[in-house]
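Right, one structure below, let's go through it.
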Amino acid sequence: MNRPLLLLDEPFNGLDMESVENLYLMINELKKKDITIIISSHIIETLINVCDKICFIENSTIQKTYNKVDFKFIENDIRSQIKKKYEKNDFC
């Protein structure tokens, strides 16, 4: 592949475990070739495994950008904020 940029929209959705692992391997190989890969996903766990930076987008605007190391430190805080927001809405 001779393109400097690859856009993937929800590439892990619907994949079985073997396919997810193969996709991780392919993405990591592309990264070694200096290809910029932008992945859109709602599945944070998949992003943590392959991304160097993680951005949160809300209302079509990047709200926060984290590098992988910083994100791991704040991940629990983010999850607790989401949980509080969910509990406040009292969906059940």
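Quick look at the numbers
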item	result
Residue list for the range 14-58, restricted to those being among the charged types (D, E, K, R) and either closer than 19 Å to Q81 by Cβ or assigned to a helix (DSSP H, G or I) (or both)	E18, E21, E29, K31, K32, E45, E58
In the range 59-84, the residues that are under 17 Å from L47 (Cβ atoms), surrounded by 10 or more Cβ atoms within 10 Å (Cβ to Cβ) and at pLDDT 80 or above	K64, T65, Y66, N67, K68, D70, F71
Neighbours by Cβ (under 7 Å, 6+ apart or cross-chain): first from the range 61-72, over 14 Å from C51 (Cβ atoms); second of a type in the set (V, I, T) and at pLDDT 80 or above	Q63/I57
Those residues of the range 10-31 which are without any contact (Cβ under 8 Å) to a residue 24 or more places away in the chain and touching a helix residue (DSSP H, G or I) at 6+ places or on another chain (Cβ under 9 Å), in sequence order	L15, L23, I27, N28, K31
Residue pairs meeting the criteria (Cβ under 7 Å; at least 6 apart or on separate chains; first among the acidic types (D, E), in the range 32-52; second surrounded by fewer than 12 Cβ atoms within 10 Å (Cβ to Cβ))	D52/N67
Residue that is surrounded by the most Cβ atoms within 10 Å (Cβ to Cβ) [pool: residues in the range 1-25 that are aliphatic (A, V, I, L, M) and under 25 Å from E75 (Cβ atoms)]	L23
The range 31-50: number of residues that are over 16 Å from E75 (Cα atoms) and surrounded by fewer than 16 Cβ atoms within 10 Å (Cβ to Cβ)	8
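The values are calculated or read from the model by the stated rules, or taken from the named source; none is laboratory data. Please read these numbers as outputs of a predicted model, since none were measured by experiment. Every residue, glycine among them, receives a Cβ derived from its backbone with ideal geometry; neighbour counts consider all protein chains shown.
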